[in-house]
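The values are calculated or read from the model by the stated rules, or taken from the named source; none is laboratory data. Nothing here was measured: the structure is a model prediction, and the numbers come from that model. Every residue, glycine as well, gets a Cβ built from its backbone with ideal geometry; the counts of neighbours run over all protein chains shown.
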Amino acid sequence: MAATNILSNLFASLQNAELRNKRECMVIPASSLASEVLKVLQKRRYVGEFEFIDDGVGGKLRIQLLGRINKCGVISPRFPVKSSKLVDWEHRYLPAVGVGTLIVSTPQGVMPHSEAQEKGIGGRLVGYVY
């Protein structure tokens with residue numbers, strides 16, 4: 001069985017559903033990291049409600065779409081990044097300053113890059129959305 005990159009699958013499903021103007025999408029399989037990333041997207045109002053559905057295998061995520069995602073993707077490999085260097089990565093992945101969000105996995109949890117900068121903590125880059 002081939003290993004699936006759950007986050008890559010999540011971002012691809014979100015992007016494809018948004019392009020087709022769908023109101024919701026299903027992502028299979030689910031993971032706790034995918035749920036944490038969705039919480040960040042929800043807090044930033046890129047997605048609406050989402051729920052985990054336990055199907056006894058890997059689980060599924062049903063996500064309500066708000067039509068606000070233009071582009072999103074996983075950052076692979078998950079580069080380690082210091083809080084002082086987040087601006088450099090912002091220029092690399094986001095279209096303009098203040099547009100979009102880098103998603104960073106830190107020792108204090110998954111959070112937007114702006115929050116990580118405020119707290120002065122680094123982590124690993126997981127994905128981006130705008």
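Sort through LEU102, LEU86 and tell me the only one that's within 19 Å of PHE11 (Cα to Cα), surrounded by 17 or more Cβ atoms within 10 Å (Cβ to Cβ) and not assigned by TED's automatic domain parsing to the domain that holds GLU36. Answer to the selection: LEU102. Selection of region 55-110 for residues being part of a loop (DSSP other than H, G, I, E, B), within 26 Å of ILE121 (Cβ to Cβ), out of contact with any strand residue (DSSP E or B) (no Cβ under 8 Å at 6 or more places or on another chain) and touching a residue at least 24 places away in the same chain (Cβ under 8 Å) yields SER76, LYS82, PRO95, VAL99.
Condition test on SER35, is it modelled with pLDDT under 95 and closer than 17 Å to SER8 by Cβ? So SER35 fails the test.
Would you mind stating whether GLU18 is in contact (Cβ under 8 Å) with a residue 24 or more places away in the chain and either of a type in the set (A, V, I, L, M) or touching a Leu at 6+ places or on another chain (Cβ under 8 Å) (or both)? Taking the combined requirement at face value, the residue satisfies it. Looking only at region 112-126, decide whether some residue is closer than 21 Å to ASN5 by Cα, in contact (Cβ under 8 Å) with a residue 60 or more places away in the chain and of a type in the set (Lys, Arg). Taking every residue of region 112-126 in turn, none turns out to be closer than 21 Å to ASN5 by Cα, in contact (Cβ under 8 Å) with a residue 60 or more places away in the chain and of a type in the set (Lys, Arg).
Being hydrophobic (A, V, I, L, M, F, W, C) and modelled with pLDDT of 95 or more is true for just one of VAL129, VAL87, VAL97, VAL57. Which residue is that? Quick ask: steps written out before the conclusion?
Numbers: VAL87 fails: modelled with pLDDT of 95 or more; VAL97 fails: modelled with pLDDT of 95 or more; VAL57 fails: modelled with pLDDT of 95 or more.
Just a single option satisfies the conditions, and that option is VAL129.
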